[in-house]
Amino acid sequence: MTKIISKLKNNIDYIYKFNENTPRMALCLNFSVNQAEKIPGIYTLMARLMLQGTKKYNSEELANEFEKYAIDFSCELFPNYLRVKFVCLNEDFSKAVELMDDILKNSTFEEFEKEKIKLVGEITAELDSPRTKAMDSYYRKMFEDHYYGNSLVKILENIDSIRKEDIIEAYKYILNNSKKSLALVGALVLEDIMPQIEATVGRLPIATSSNFLIGRPVLNEVKTVENHRPDINQVHIIKGWLVPTYGEPDYPAIVLLNIILGACGLSSRLFQELRDKKGLAYVVRSSYETYKLAGNFMIYIATEPKNIEVSLAGFNEEIKKVKQFPVSEEELENAKTNIVGKYALLEETNIQQACSFAKYDVLGLGFNYSETIKEQVQSVSIDDILRCAKKYFTDDKYVLSIIKP
């Protein structure tokens, strides 16, 4: 295994990882999102429109090029970065880079109105799911008045105000005012592909890292939101806290807390206590989502309407236990084994590795952060788990979202 980390002429950080005898080459290029969108939905539409035509190809012709060379290409938006990635056969790498360069430099955003109508239809269909609706309300409360709170509902409410000029302006800003992280993984020789990389990615606007303009979200109170749907027979309950994120000292302990409480299926505490012993639900779990500026730890259950109070009491009981009593040595070791296994599963293929490298670097953590976190997790103690549970699972600062009949 060979890794090379360096910079292109325009200050773009890159990593090359040589994986011998792999037939497909992977590339991931991330652009940091350094300021909140002017209108909720601009960034989402922008990412979708990037594959809808360039000055050289219309949307159909572009799709045909990808299909002709079996290139799996996508542009995806995440809260803190725009990701452009592809995986292709080694012999078609040059063509894939050529198409990516055309998309990045010559996208026309021509199918703006058509894509806007499609997006409205897709969001409307998604929000038909009670769970999605409850989650949407939860995020809007958790990140109220913050860019991270630009949920599906907020996009729907504002999408008619977005103009094509807003999309172009937002893209130009990101292109010219972003940290850019490039990851290349595969079996091609670096010296053979670097001239084309320098001639394409190396000629993008210079990468920057000091112009981040989004403030840190704050939660200083209890916030509750309740929705009603006449057509459902289940209740969906979400309770969550604002917690530290990647790179912060308590991040490894919170990762393990999530595994112990509800993210490892049958053996997790929430599953055993609320599903197996109390029979409250088929689905109950915890999750830990991380953004550049904050982490979001939530617990979720889908249950019968008559079980709302007993489910909330069950949440409180399990949180109280993890705050008052140390977890067992066995639980902690199992959680550590679980998280290392998950990282291995998430980094099996060339494209998974490329996306992992580029993600952590664009967030300012370096290409090798996944190795760092695996080491940090191993040093977490029982006392660290107890301390973090007491510190972050507060009774006076959380969000509760419920949707019921």
* Quick one: how many residues across region 329-361 are surrounded by 15 or more Cβ atoms within 10 Å (Cβ to Cβ) and either in contact with a Cys (Cβ under 6 Å, 6 or more places away or on another chain) or over 23 Å from Arg24 (Cβ atoms) (or both)? -> 10
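Out of the residues in region 364-381 that are assigned to a loop (DSSP other than H, G, I, E, B) and hydrophobic (A, V, I, L, M, F, W, C), which is nearest to Asn211 (Cα to Cα)?
First, pick out the residues of region 364-381 that are assigned to a loop (DSSP other than H, G, I, E, B): 364-368, 379-381.
With the extra rule that they be hydrophobic (A, V, I, L, M, F, W, C), the set shrinks to 365, 367, 380.
Numbers: Leu365: 17, Phe367: 21, Val380: 34 Å.
Out of the qualifying residues, it is Leu365.
Just the residues that are without any contact (Cβ under 8 Å) to a residue 12 or more places away in the chain and either within 28 Å of the chain's Cα centre (by Cα) or over 17 Å from Thr224 (Cβ atoms) (or both), please, taken from region 303-322. I'd like the intermediate steps shown before the answer.
Let us first name the residues in region 303-322 that are without any contact (Cβ under 8 Å) to a residue 12 or more places away in the chain, namely 306, 309, 313, 316, 320.
Of everything in region 303-322, those that are without any contact (Cβ under 8 Å) to a residue 12 or more places away in the chain and either within 28 Å of the chain's Cα centre (by Cα) or over 17 Å from Thr224 (Cβ atoms) (or both) turn out to be Lys306, Asn316, Lys320.
What residue, of Glu198, Glu221, is in contact with an Asp or Glu (Cβ under 9 Å, 6 or more places away or on another chain) and not β-branched (Val, Ile, Thr)?
On the way: Glu198 fails: in contact with an Asp or Glu (Cβ under 9 Å, 6 or more places away or on another chain).
Answer to the check: Glu221.
Only residues that are in a helix (DSSP H, G or I) and more than 19 Å from Leu257 (Cα to Cα): list them for region 313-347, please.
Ala313, Ala344, Leu345, Leu346
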* To do: Would you check which residues across region 212-268 are open to solvent by 30 Å² or more (accessible area, probe 1.4 Å), of a type in the set (D, E, K, R) and either modelled with pLDDT under 95 or over 22 Å from the mean Cα position of the chain (by Cα) (or both) and list them?
  => Glu221, Glu226, Arg229, Asp231
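Got a sec? Which of Lys321, Lys277, Lys342, Lys359 is touching a helix residue (DSSP H, G or I) at 6+ places or on another chain (Cβ under 9 Å) and modelled with pLDDT under 95?
Numbers: Lys321 fails: modelled with pLDDT under 95; Lys277 fails: touching a helix residue (DSSP H, G or I) at 6+ places or on another chain (Cβ under 9 Å); Lys359 fails: modelled with pLDDT under 95.
From the options Lys321, Lys277, Lys342, Lys359, the qualifying one is Lys342.
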* Asked: Among the numbered criteria (1) part of a loop (DSSP other than H, G, I, E, B); (2) open to solvent by 40 Å² or more (accessible area, probe 1.4 Å); (3) under 27 Å from Ser209 (Cβ atoms), which single criterion is violated by Lys105?
  -> (1)
* Scan region 171-185 for residues that are open to solvent by less than 40 Å² (accessible area, probe 1.4 Å) and in a helix (DSSP H, G or I) and report the count. => 3
* Within the group Asn21, Asn11, which residue is touching a strand residue (DSSP E or B) at 6+ places or on another chain (Cβ under 9 Å), open to solvent by 50 Å² or more (accessible area, probe 1.4 Å) and in contact (Cβ under 8 Å) with a residue 60 or more places away in the chain? -> Asn11
* Is it the case that Glu165 is open to solvent by 40 Å² or more (accessible area, probe 1.4 Å), charged (D, E, K, R) and either touching a helix residue (DSSP H, G or I) at 6+ places or on another chain (Cβ under 7 Å) or not in a helix (DSSP H, G or I) (or both)? -> no
* Asked: Which members of region 194-211 meet the condition of being more than 26 Å from the chain's Cα centre (by Cα) and over 13 Å from Leu8 (Cα atoms)?
  -> none
* Structure fact -> Here the qualifying pairs (Cβ atoms under 7 Å; residues six or more apart or on different chains; first in region 78-107 and touching a residue at least 60 places away in the same chain (Cβ under 8 Å) and closer than 18 Å to Asn64 by Cα; second open to solvent by 40 Å² or more (accessible area, probe 1.4 Å) and of a type in the set (S, T, N, Q)) come out as Ser94/Gln196; Val97/Gln196
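The values are calculated or read from the model by the stated rules, or taken from the named source; none is laboratory data. Worth saying up front: this structure is predicted, and the values here are computed from it rather than measured. Using ideal geometry, Cβ is built from the backbone for each residue, glycine included, and neighbour counts are taken over all protein chains shown. Only protein heavy atoms, including side chains, enter the accessible area calculation; ligands, DNA and RNA are left aside. Shrake-Rupley method; radii C 1.70, N 1.55, O 1.52, S 1.80 Å.
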